[in-house]
Amino acid sequence: MTSDSGAAGWQGWDVYAPFYDWENRRTIGRRDVRFWTDLARRADGPVLELGCGTGRLSVPVARVAPRFVGIDRSAPMLRRLRSRLRRARLTAKSAIVRGDIRALPFRRRWRCRLVMAPYGMLQSLLSDADLAATLEAVAGVLPRGGTLGIDLVPELPRWQEYHRRVGLRGPASGGRRVTLIESVRQVREHALTVFDQEFVEWHGSRRTVHRFSLAFRTLTVPQVAERLEQAGFRVDAVLGDYAGEEWSPDAQVWIIVARRI
Ligand SMILES: C[S@@+](CC[C@H](N)C(=O)[O-])C[C@H]1O[C@@H](n2cnc3c(N)ncnc32)[C@H](O)[C@@H]1O
């Protein structure tokens, strides 16, 4: 399944990679780090992060987990993560895999204790078939009792549509200045939100424009819970924030903690 712009959920991230940390320092920041490091400590075993990206969460989680494995389809995102892990001296206990979460490329007997799907990661799956394939792959690497943590970004369908608005602007590393010009479209019949992004980078008087689209599909918590049960998971908790507050449909964050049965 692709969005109406033709983009599949895994596309766009390669071009986004040089700007991902710049933007997310100004948005999610470190708000969810404590939640995931606590879950990793409690899991007391190897941790797999789906869509680990540039390692915003991978590095702190790899510090507390006995073994960390991250998978992502985007090579430019993973290049950033690899150098972060090297700088943090965490390469010996970490493995980074370039691959697609819909078909996890691990040995048949490999198992972990926690699979993390943070920061809307599963919303990059644009169809039920992709979600079902991913949950089946996850069930294959978790033993009974193993944990799957999912963080959904609920605000996406509520996002107002607009065309070419300046979203963010500011200094970036290496003396650059960056402006994000963003358009948002809702494709309600497919529960999709599509962001058309244009990052304009100024280095002195040299101007470079980087364009890409990202598409996300947002299901409700009951819909995700139903898919989880069909895939052999039991929902243990649904939280409405990173401090463990109870979930409600208008919560700012939707976190589902499920167990493989
Ligand atoms: C929102 S970012 C999350 C990055 C990181 N986990 C964080 O919390 O900052 C989503 C990541 O998922 C990756 N991704 C999207 N679809 C994927 C797929 N089908 N298989 C593997 N990775 C995928 C993207 O390349 C991107 O790095």
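Residues in segment 173-206 that are farther than 15 Å from Ser124 by Cα, open to solvent by 50 Å² or more (accessible area, probe 1.4 Å) and not small (Gly, Ala, Ser): 7 in all.
Tallying residues that are within 12 Å of the ligand (Cβ to nearest atom) and either open to solvent by 30 Å² or more (accessible area, probe 1.4 Å) or outside the structural domain of Phe106 (by TED's automatic domain parsing) (or both) within segment 34-58 yields 1.
Do the conditions hold for Gly170, that is, is it under 19 Å from Ala17 (Cβ atoms), outside any strand (DSSP E or B) and either open to solvent by less than 20 Å² (accessible area, probe 1.4 Å) or touching a residue at least 24 places away in the same chain (Cβ under 8 Å) (or both)?
In short, no.
Right, Val61: within 12 Å of the ligand (Cβ to nearest atom), open to solvent by 10 Å² or more (accessible area, probe 1.4 Å) and either over 30 Å from Arg260 (Cβ atoms) or part of a helix (DSSP H, G or I) (or both) or not?
no
Residues that are closer than 25 Å to Gln11 by Cα, assigned by TED's automatic domain parsing to the domain that holds Met121 and open to solvent by less than 20 Å² (accessible area, probe 1.4 Å) occur in segment 236-253; there is at least one.
Residues of segment 64-81 that are more than 13 Å from Asp14 (Cβ to Cβ), in a loop (DSSP other than H, G, I, E, B) and open to solvent by 30 Å² or more (accessible area, probe 1.4 Å): Pro66, Arg67. I need the full set of residues from segment 16-29 which are open to solvent by less than 60 Å² (accessible area, probe 1.4 Å), more than 10 Å from the ligand (Cβ to nearest atom) and in contact (Cβ under 8 Å) with a residue 24 or more places away in the chain, in order please. Once the filter is applied, which keeps residues that are open to solvent by less than 60 Å² (accessible area, probe 1.4 Å), more than 10 Å from the ligand (Cβ to nearest atom) and in contact (Cβ under 8 Å) with a residue 24 or more places away in the chain, segment 16-29 yields Pro18, Phe19, Trp22, Glu23. Checked against (1) open to solvent by 30 Å² or more (accessible area, probe 1.4 Å); (2) charged (D, E, K, R); (3) part of a strand (DSSP E or B), Asp151 passes all but a single condition, namely (1). Looking at the structure I just gave you, is Ala117 in the same structural domain as Gly145 (by TED's automatic domain parsing) and buried (at least 17 other Cβ atoms within 10 Å of the Cβ)? So Ala117 passes the test.
The values are calculated or read from the model by the stated rules, or taken from the named source; none is laboratory data. Keep in mind that what you see is a predicted model, and the values were worked out from it rather than measured. Heads up, the Cβs are rebuilt from the backbone with ideal geometry, glycines too, and the neighbour counts pull from every protein chain shown. Only protein heavy atoms, including side chains, enter the accessible area calculation; ligands, DNA and RNA are left aside. Shrake-Rupley method; radii C 1.70, N 1.55, O 1.52, S 1.80 Å.
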